[in-house]
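The structure follows.
The values are calculated or read from the model by the stated rules, or taken from the named source; none is laboratory data. Since this is a predicted model, take the numbers as computed values, not measurements. Every residue, glycine as well, gets a Cβ built from its backbone with ideal geometry; the counts of neighbours run over all protein chains shown. Protein only, heavy atoms only, side chains kept; ligands, DNA and RNA dropped before computing areas. Shrake-Rupley method; radii C 1.70, N 1.55, O 1.52, S 1.80 Å.
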Amino acid sequence: MANALSRHWEHAVVTGGAGFIGSHLCATLLDAGTAVTCVDDFSTGRRESVAALLDRPGFTLIQADIAGGFTVGRPPDLLLHLASPASPADCLRLPLHTMDTGSVGTRNALDLAHRSGARFVLASTCEVYGDPQENPQDEGYWGHVNPVGPRGVYDEAKRFGEALTTAHAEAKGTDTGIVRLFNTYGPRMRGQDGRAVPTFIRQALSGQPLTVTGDGRQTRSLCYIDDTVRGILAAAAHGMRGPVNIGNPTEVTVLHLARVVIELTGSTSEIRFIARPTGDPAARCPDITLARGKLGWEPEVDTEDGLRRTIEWFRTALGH
């Protein structure tokens with residue numbers, strides 16, 4: 001995916017670079033000839049996600065909690081800020097760490113970008129829209145978020161991060177951008193992170209029932225990892241402040257997703273309905289008019305094709 005970059009960067013810092021999306025960004029930037037410093041505290045990221053990069057020229061791995069402060073060997077000209085627990089299970093397990101990363105950690109990353117004169121891109125999330133009362137969601141929608149609900153630590157950390165990023169740009173002139181990422185899936189996801197795609201694939205490959213929450217009519221919009229990476233890098237290269245939605249506008253129900261996974265894996269698993277978590281959004285679908293118009297970006301990978309690629313990766317990873 002070297003052609004994903006429309007601008008050449010000399011040195012990029014990727015916080016949360018050993019996470020699912022971060023590790024793919026690190027690899028894509030390296031392929032394009034950019035030196036990459038990956039910063040991760042491994043609270044949710046995994047060393048194996050970047051193991052193949054460790055011996056590549058230009059790659060540096062730093063273990064650090066960005067909320068505690070961190071330094072890099074040379075000033076970057078691009079800083080992609082992805083550090084944060086992201087799955088609901090991780091945020092419930094690490095609530096204060098999630099909020100510290102989104103607040104103090106974001107400030108530390110912004111300060112580094114400002115000192116270095118770097119382009120800064122915050123990886124925000126569709127969760128800033130909460131359980132939306134508008135569907136699809138465009139960037140002008142302010143959201144419907146419960147700040148004291150079980151998902152509040154992640155939602156509000158990202159909303160604060162967006163406000164902090166905007167304030168830093170206005171107060172200090174930092175070159176910032178905000179991308180709101182919708183549900184992304186693909187190789188290197190953790191099978192136990194609680195999100196629908198890896199959960200269903202793991203269950204199907206193991207012959208376990210696929211656990212669909214509620215009646216399964218809630219919707220998600222699934223964007224394959226290669227498309228998400230292209231979108232983030234397009235926003236970085238463009239220089240727009242945003243926010244801008246990066247996601248797949250094709251909406252599917254969770255029940256349909258479970259059935260497709262069963263079909264694509266050839267599994268004999270049944271579907272089992274379980275209680276729906278509190279605060280689980282009823283709809284998730286991005287309006288990507290802005291990304292199409294300003295960035296010339298839209299998803300290219302068909303959902304079933306992306307699921308096949310992801311399933312094959314899980315077959316190898318799980319030994320199936």
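Limited to the stretch 50-83, what total is found for residues that are of a type in the set (S, T, N, Q) and in contact with an Asp or Glu (Cβ under 9 Å, 6 or more places away or on another chain)?
1
Among Ala169, Ala118, which is the only one that is of a type in the set (A, V, I, L, M) and surrounded by fewer than 21 Cβ atoms within 10 Å (Cβ to Cβ)?
Working: Ala118 fails: surrounded by fewer than 21 Cβ atoms within 10 Å (Cβ to Cβ).
The match here is Ala169.
Looking only at the stretch 275-309, filter to residues that are β-branched (Val, Ile, Thr) and in contact with a strand residue (DSSP E or B) (Cβ under 6 Å, 6 or more places away or on another chain); which one of those is surrounded by the most Cβ atoms within 10 Å (Cβ to Cβ)?
Ile288
For the stretch 93-107, does any single residue satisfy the condition of being modelled with pLDDT of 95 or more, closer than 20 Å to Ile232 by Cβ and either outside any helix (DSSP H, G or I) or open to solvent by 40 Å² or more (accessible area, probe 1.4 Å) (or both)?
no
Additional query: Given Gly149, Gly117, which one is among the small types (Gly, Ala, Ser), under 19 Å from Thr278 (Cα atoms) and over 20 Å from the mean Cα position of the chain (by Cα)? Before you say what the answer is, go through the steps one by one.
Values: Gly117 fails: under 19 Å from Thr278 (Cα atoms).
On inspection, the qualifying residue turns out to be Gly149.
Residue pairs, Cβ under 9 Å, 6 or more apart or interchain, first in the stretch 92-109 and farther than 15 Å from Pro147 by Cβ, second open to solvent by 40 Å² or more (accessible area, probe 1.4 Å) and assigned to a helix (DSSP H, G or I). List them.
Asp100/Gly68; Val104/Gly68; Gly105/Gly68; Thr106/Phe160; Asn108/Gly68
Also: Considering only the stretch 180-190, I want to know if a residue exists there that is over 15 Å from the mean Cα position of the chain (by Cα) and either in contact (Cβ under 8 Å) with a residue 60 or more places away in the chain or buried (at least 21 other Cβ atoms within 10 Å of the Cβ) (or both).
Taking every residue of the stretch 180-190 in turn, none turns out to be over 15 Å from the mean Cα position of the chain (by Cα) and either in contact (Cβ under 8 Å) with a residue 60 or more places away in the chain or buried (at least 21 other Cβ atoms within 10 Å of the Cβ) (or both).
Next question, about the same structure. Those residues that are over 14 Å from the mean Cα position of the chain (by Cα) and farther than 16 Å from Asp40 by Cα, I need them from the stretch 77-90; list them, please.
Asp77, Leu78, Ala89
Among residues belonging to the stretch 123-161 that are assigned to a helix (DSSP H, G or I), under 23 Å from His24 (Cα atoms) and in contact with a helix residue (DSSP H, G or I) (Cβ under 8 Å, 6 or more places away or on another chain), point out the one that is least open to solvent (accessible area, probe 1.4 Å).
Filtering first and then ranking leaves Gly161.
Looking at the stretch 177-293, what helices (runs of 4 or more DSSP H) fall wholly within it and have at least 1 residues that are farther than 29 Å from Ala118 by Cα and at pLDDT 95 or above? Can you show your working first?
On the way: elements: 196-206, 225-238, 254-265.
Passing ranges, in order: 196-206, 254-265.
Report the residue count in the stretch 29-42 for those that are more than 14 Å from Phe70 (Cβ to Cβ) and open to solvent by less than 10 Å² (accessible area, probe 1.4 Å).
3
Go through the stretch 258-274 residue by residue and tally those that are of a type in the set (Val, Ile, Thr), in contact with a Ser or Thr (Cβ under 9 Å, 6 or more places away or on another chain) and surrounded by 14 or more Cβ atoms within 10 Å (Cβ to Cβ).
The number of residues fulfilling the criteria is 4.
Exactly one condition in (1) out of contact with any Asp or Glu (no Cβ under 8 Å at 6 or more places or on another chain); (2) more than 29 Å from Glu48 (Cα to Cα) is false for Asp138; which is it?
Checking Asp138 against (1) out of contact with any Asp or Glu (no Cβ under 8 Å at 6 or more places or on another chain); (2) more than 29 Å from Glu48 (Cα to Cα), the one that fails is (1).
Of the residues Ala52, Ala67, which single one is farther than 24 Å from Met240 by Cα and in contact with a Gly (Cβ under 6 Å, 6 or more places away or on another chain)?
Matching residue, one of Ala52, Ala67: Ala67.
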